[in-house]
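Asks: One structure coming up, written as structure tokens, with questions to follow.
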Amino acid sequence: MWIFGYGSLVWKADFKFEYKLVGYIKGYLRRFYQHSIDHRGVPEKPGRVVTLIQSNDSNSKVWGVAYKIRSEDAAQVSQHLDFREKNGYSKRTVTFHPKDNIEPFQLTLYVATEDNESYAGEASIEEIAKQVLSCQGPSGTNKEYLYNLAAAMRELAPDVEDDHLFSLEAAVRRLDTDTKKT
């Protein structure tokens, strides 16, 4: 079994895996369009986390990490991820393109569709930045999620530009008084 991570799974793989590959999927865009009431926010003040939306350009790429799960761990990891991604996410099978000239292959990812009750939808970068900066949940602050994801993507795919992710990071850092003190 293979699982694709494009959000917190990129930098917080809290499950057993045999190895991981960096690469991308096509036809999607990574966007902070999903509310988080269970990890980076609470019901009264939901945070924002990433999901995937269909792109009008079939060659659009979302970079992330594919994790190879051993067959003996597959049921346990699936159960763990189903719980972790419970707030509006469902499984989908897509083609993964590894960075290192390995043949593309099918894997599973979790995506929050527009019809789930926690789908936040589109907003301006500034609006999302204010929400991210002000929210916190059981897994930590929403800005920590954003900063960790941006740093991980720069490390894993340094030549890849993710406009939405990096524009949001810049907007939050401009507003974040904690980072201005250092």
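The values are calculated or read from the model by the stated rules, or taken from the named source; none is laboratory data. Given the structure is predicted, the values throughout are model-derived calculations rather than measurements. Cβ atoms come from the backbone with ideal geometry, glycine included; neighbour counts cover every protein chain shown.
Asks: Quick check, is Ala123 under 23 Å from Ser55 (Cβ atoms), at pLDDT 95 or above and more than 16 Å from the chain's Cα centre (by Cα)?
Replies: In short, yes.
Asks: Taking the stretch 9-35 on its own, how many of its residues are modelled with pLDDT of 95 or more and small (Gly, Ala, Ser)?
Replies: Count: 2.
Asks: In addition: Taking the stretch 71-83, which residues are free of Cβ contacts under 8 Å to residues at least 40 places away in the same chain and within 20 Å of Glu18 (Cα to Cα)?
Replies: Passing the criteria: Glu72, Ala75, Gln79, Asp82.
Asks: Also, I was wondering about something else. Looking at Gly121 and the list (1) touching an Asp or Glu at 6+ places or on another chain (Cβ under 8 Å); (2) in a helix (DSSP H, G or I), which single condition is not satisfied?
Replies: (2)
Asks: If you don't mind, another one. Write out, first by first residue and then by second, each pair whose Cβ atoms fall under 9 Å of each other, whose residues are 6+ apart or on separate chains, and whose first residue, in the stretch 44-55, is free of Cβ contacts under 8 Å to residues at least 12 places away in the same chain while the second is crowded, with 18+ Cβ neighbours inside 10 Å.
Replies: Matching pairs, first to second residue: Glu44/Ile37.
Asks: Just one of the numbered conditions (1) farther than 20 Å from Leu165 by Cα; (2) surrounded by 15 or more Cβ atoms within 10 Å (Cβ to Cβ); (3) not charged (D, E, K, R) is not true of Ser90; which one?
Replies: Unmet condition: (2).
Asks: I would also like to ask the following. When you scan the stretch 127-182 for helices (runs of 4 or more DSSP H) that lie fully inside it, which ones turn up with 3 or more residues that are of a type outside the set (Lys, Arg) and at pLDDT 95 or above?
Replies: Hits in the stretch 127-182: 142-156, 163-175.
Asks: Is it true that some residue in the stretch 70-90 is in a strand (DSSP E or B) and touching a helix residue (DSSP H, G or I) at 6+ places or on another chain (Cβ under 8 Å)?
Replies: For the stretch 70-90, residues in a strand (DSSP E or B) and touching a helix residue (DSSP H, G or I) at 6+ places or on another chain (Cβ under 8 Å): absent.
Asks: Please enumerate the residues belonging to the stretch 91-113 that are assigned to a strand (DSSP E or B), touching a residue at least 24 places away in the same chain (Cβ under 8 Å) and either of a type in the set (Gly, Ala, Ser) or closer than 18 Å to Val10 by Cβ (or both).
Replies: The answer is Val94, Phe96, His97, Pro98, Leu107, Thr108, Leu109, Tyr110, Val111, Ala112.
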